[in-house]
Amino acid sequence: MKAEQRHKLEQNELSKRLGSAWQAINSGSTTATVIWGVILLVLVVAIGYRYYSRTASDTRSRLWYELDTATNIDELKKVADEAKGTPIGRVAQFHQARYLMQEGLTKLTSANADERAKAADNLDEARKLYMELARDAELPTLIQEAMMESAKAEEILASVPKADDPNAMRGSLETALAGYEALAKRYPDSLQGQKASLRAADLQDHSSEVRALYTALSKDHGKALPPMLTAPPQPQPSPVPAPPAAKEGGPPLPAPEAPKPAPPADDKAPPKN
């Protein structure tokens with residue numbers, strides 16, 4: 001009996017509180033307005049966050065797919081620009097920098113002056129991307145790659161004159177040396193760090209030879225190289241001489257006989273004594 005009375009009392013208390021709340025809302029009091037305003041704000045924020053999360057997830061999935069199916073530098077650049085500052089964007093930038101670096105190294109020694117100029121532009125763009133990635137990348141292996149490749153590009157461009165000033169180089173050996181030393185100091189025990197240390201020591205120990213070589217290369221960069229040698233003509237078989245013509249009034253000359261076939265081998269040759 002006491003339990004039933006207690007239950008009825010609790011129901012009455014709840015009913016009173018709900019009634020008081022409803023009366024407060026209907027009364028238009030400031031407290032009720034604030035409470036409902038907070039509730040509506042929370043609902044709006046929750047719905048907006050859910051919509052944003054779903055949209056962001058769909059966008060990430062699309063960008064990863066576009067990155068995975070990219071087949072040229074323009075498609076990589078599109079993903080990198082749209083996803084700039086995100087892991088997807090950095091991965092796209094690494095792919096873009098690797099492509100530009102490879103293209104530049106492959107065609108920098110081309111016989112075509114326009115291809116060499118384009119290769120130098122590619123190396124310049126790769127250097128900028130790698131320098132940016134060295135600051136923004138999070139994984140140590142990617143940071144090391146970016147630092148190493150940016151120093152390499154800087155060193156190679158030290159032998160390439162600028163398009164508007166043939167006496168000024170696109171890169172600097174001093175800057176390349178500083179890049180190698182920074183990598184070796186930051187990651188002394190890594191493979192890339194050890195390679196950078198060796199290259200820095202090599203540039204310091206053979207500074208005059210390296211500068212002389214790069215100066216010579218810079219002078220040849222803008223020149224038109226001789227075209228590739230064509231293959232020599234293949235020797236043709238000598239023509240068969242025609243038979244001499246018959247003298248006027250003389251007997252006709254016999255036509256040359258065709259070679260006679262060899263006689264068939266005798267299967268029953270006499271045995272040797």
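The values are calculated or read from the model by the stated rules, or taken from the named source; none is laboratory data. Bear in mind that the values here come from a model prediction, so they are computed numbers and not experimental data. So basically every Cβ, Gly included, is an ideal-geometry build from the backbone, and we count neighbours across all protein chains shown.
What do you reckon, is Ala117 of a type in the set (Gly, Ala, Ser), surrounded by fewer than 21 Cβ atoms within 10 Å (Cβ to Cβ) and either in a helix (DSSP H, G or I) or at pLDDT below 95 (or both)? Considered against the rule, which asks whether it is of a type in the set (Gly, Ala, Ser), surrounded by fewer than 21 Cβ atoms within 10 Å (Cβ to Cβ) and either in a helix (DSSP H, G or I) or at pLDDT below 95 (or both), Ala117 comes out as yes.
Glu138 falls short on exactly one of the conditions (1) in a helix (DSSP H, G or I); (2) surrounded by fewer than 17 Cβ atoms within 10 Å (Cβ to Cβ), and that condition is (1).
Summed over segment 187-219, residues that are among the charged types (D, E, K, R) and over 20 Å from Ala153 (Cβ atoms) total 4. Could you tell me whether Ala184 is modelled with pLDDT of 95 or more, surrounded by 18 or more Cβ atoms within 10 Å (Cβ to Cβ), within 14 Å of Glu154 (Cα to Cα) and among the small types (Gly, Ala, Ser)? The answer is no for Ala184.
Scan segment 148-158 and give yes if some residue there is among the β-branched types (Val, Ile, Thr) and closer than 23 Å to Phe94 by Cα, otherwise no. Yes, some residue in segment 148-158 is among the β-branched types (Val, Ile, Thr) and closer than 23 Å to Phe94 by Cα.
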